[in-house]
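Data block below; observations after.
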Amino acid sequence: MKEHYDVIIVGTGAAGLYCALSFPERIKVLMITKKEADQSDSFLAQGGICMLRGEDDYENYFEDTMRAGHYENNKRAVDLMIRSSNSIIRDLLDRGVRFARNSRGELDFTREGAHSQPRILFYEDVTGREITSHLLEQARTKENIEICQYMTMVDLISEDNICGGIVCMNEKDEIYEIRAPYVVLACGGLGGLYKNSTNFPHITGDALAIAMNHQVKLEHLDYIQIHPTTLYSKKPGRRFLISESVRGEGALLYDRNGQRFTDELQPRDLLSQAIFSQMEKQDTEYVMEDMRPLGEETILKHFPNIFHHCLEEGYDVRKEPIPVVPAQHYFMGGIQVDLGSRTSMEGLYACGETSCNGVHGKNRLASNSLLESLVFARRAADDILFGKKPDKCRAGSADRSRYKDREALMKGYRKKVLEEIERMEKEHE
Ligand SMILES: Cc1cc2nc3c(=O)[nH]c(=O)nc-3n(C[C@H](O)[C@H](O)[C@H](O)COP(=O)(O)OP(=O)(O)OC[C@H]3O[C@@H](n4cnc5c(N)ncnc54)[C@H](O)[C@@H]3O)c2cc1C
């Protein structure tokens, strides 16, 4: 790792990688990540990635996204995401990403909750891994991209609201100051702050606390999505997702008496509420999800990952319903950005789950987040390449004593984010 780069990207999920790959080779990019480069939520995405199937689907796709988001979405951002989807998918195909195809060899589409028609591309039930592993593999071959693992951003370098780089720390608590005129925060969501979450535990919203400390504007920190169906388990750790496309393909939900109690395909927030209230009414810790209506062939072909994981946990989904419970899953709020992924600080960008460009409004429509991450990661790179150059940051050396106690520092960041979520929740009451 050197002391100066053209661009620093924090995070090696789909957003960070796609941003890095959008630069020409003359731009020297440093990417850092807290753990191994493939330990990001992008690798966990199961259901798929949305694509506009044709002009006659535009209005429905737009309306589905807005309705799921309680009409709090930024309409221009939604339009941009939908209109960019075909070029993003074409680019992914060119990069060798595989999606399911029908018997005629055409792209196949699945459906998830709150979508009025099938418009989701998928690769078995590991779409995120298929997309992100291709991006990572390509980033690793690029001369201009350096990936540094087990390196945690602990601060930004800034002066007079101009960003000049980051302070980061390796696993031995050695501190590095890295300078660049552009920093892109692609640090994912905040599921690691919650006991029950589908996210990796190390994804704890650090960038949000750091941004707050530098007076960068944030938005809607209390817009947190609960996924209705994760496999119930008494074990601690990450919750295993039972993808919404399982319900999209026909799985049913039952209460403790084996009766259906709600519409399985309503938006995530409404379905989670319906499940929570059923659990409360019947004093249970879960409800049951029945994948048998899908048939053995669909289960094995479309959902092999879910099938094998459930089998390891002692459930054969071909033969029996499984216990499911809602858990924290996604974060709609974040660092406020414009349509070029620019934050309120000069030279500082944010994309992916860390950012809030308003696409998702109050509640994300299923399979819109991978697409949103890629669209706005590329826009960040475009803005860096072609937008107005930031003034030079005149910040001097950081006071390293502030980072000595890593545990206390990171704990403080987590506390700050949780307190801000609580404050915003109260404000919205
Ligand atoms: C189980 C699951 C299933 C999902 N299914 C779908 C789906 O089917 N379709 C869909 O569209 N979306 C889905 N999503 C959501 C989607 O995967 C994410 O929203 C998206 O991938 C976020 O990408 P990202 O690049 O912003 O963040 P991530 O992929 O989470 O990457 C964040 C990166 O930031 C790094 N990082 C964080 N903090 C620091 C720090 N302080 N210093 C250094 N590095 C740091 C992490 O190590 C990681 O590399 C799913 C999510 C989960 C958890």
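The residues on offer are 9, 88, and the sole one that is crowded, with 24+ Cβ neighbours inside 10 Å, of a type in the set (Val, Ile, Thr) and under 24 Å from residue 332 (Cα atoms) is 9. Taken together, the residues in segment 195-210 that are in a helix (DSSP H, G or I), touching a Ser or Thr at 6+ places or on another chain (Cβ under 9 Å) and near the ligand (Cβ under 8 Å from one of its atoms) amount to 2. Taking the criterion of being of a type in the set (S, T, N, Q) and crowded, with 21+ Cβ neighbours inside 10 Å, the only residue of segment 183-197 that qualifies is 197.
A quick yes/no check of all residues on (1) near the ligand (Cβ under 9 Å from one of its atoms); (2) β-branched (Val, Ile, Thr); (3) not in a helix (DSSP H, G or I):
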| site | (1), (2), (3) |
| --- | --- |
| 133 | no, no, no |
| 139 | no, no, no |
| 163 | no, no, yes |
| 168 | yes, no, yes |
| 184 | no, yes, yes |
| 188 | yes, no, yes |
| 212 | no, no, no |
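Residues of segment 343-363 that are buried (at least 23 other Cβ atoms within 10 Å of the Cβ) and outside any loop (DSSP other than H, G, I, E, B): 348, 349, 350, 352, 353, 354, 355, 356. All but one of (1) without any contact (Cβ under 8 Å) to a residue 24 or more places away in the chain; (2) assigned by TED's automatic domain parsing to the domain that holds residue 409 hold for residue 283; state the number of the condition that does not hold. Against the list (1) without any contact (Cβ under 8 Å) to a residue 24 or more places away in the chain; (2) assigned by TED's automatic domain parsing to the domain that holds residue 409, residue 283 comes up short only on (2). The condition of being within 20 Å of residue 360 (Cα to Cα), modelled with pLDDT of 95 or more and not hydrophobic (A, V, I, L, M, F, W, C) holds for only one of 65, 12, that being 65.
The listed residues are 45, 20, and the only one of them that is crowded, with 24+ Cβ neighbours inside 10 Å and over 16 Å from the mean Cα position of the chain (by Cα) turns out to be 20. Answer yes or no as to whether residue 262 is at pLDDT 95 or above and touching a Lys or Arg at 6+ places or on another chain (Cβ under 6 Å). Considered against the rule, which asks whether it is at pLDDT 95 or above and touching a Lys or Arg at 6+ places or on another chain (Cβ under 6 Å), residue 262 comes out as no.
Highlighted here are the helices (runs of 4 or more DSSP H) found entirely within segment 249-337 that include at least 3 residues which are crowded, with 17+ Cβ neighbours inside 10 Å: 268-282, 304-312.
The residue that is surrounded by the fewest Cβ atoms within 10 Å (Cβ to Cβ), counting only those in segment 230-246 that are away from the ligand (no atom under 13 Å from the Cβ) and either within 17 Å of residue 316 (Cβ to Cβ) or of a type in the set (Lys, Arg) (or both), is 234.
Restricting attention to segment 388-427, the residues being within 25 Å of residue 220 (Cβ to Cβ) and surrounded by 10 or more Cβ atoms within 10 Å (Cβ to Cβ) number 16. I want to confirm something. Restricting to segment 170-182 and keeping residues that are assigned to a loop (DSSP other than H, G, I, E, B) and surrounded by fewer than 16 Cβ atoms within 10 Å (Cβ to Cβ), which single residue is nearest to the ligand (Cβ to nearest atom)? Step by step, filter segment 170-182, then rank; the result is 171.
The condition of being of a type in the set (A, V, I, L, M), without any contact (Cβ under 8 Å) to a residue 24 or more places away in the chain and in the same structural domain as residue 320 (by TED's automatic domain parsing) holds for residue 270.
The values are calculated or read from the model by the stated rules, or taken from the named source; none is laboratory data. In this text the structure is predicted, and so the values were computed from the model without any measurement. Note that each Cβ is placed from the backbone with ideal geometry, even for glycine, and that neighbours are counted across all protein chains shown.
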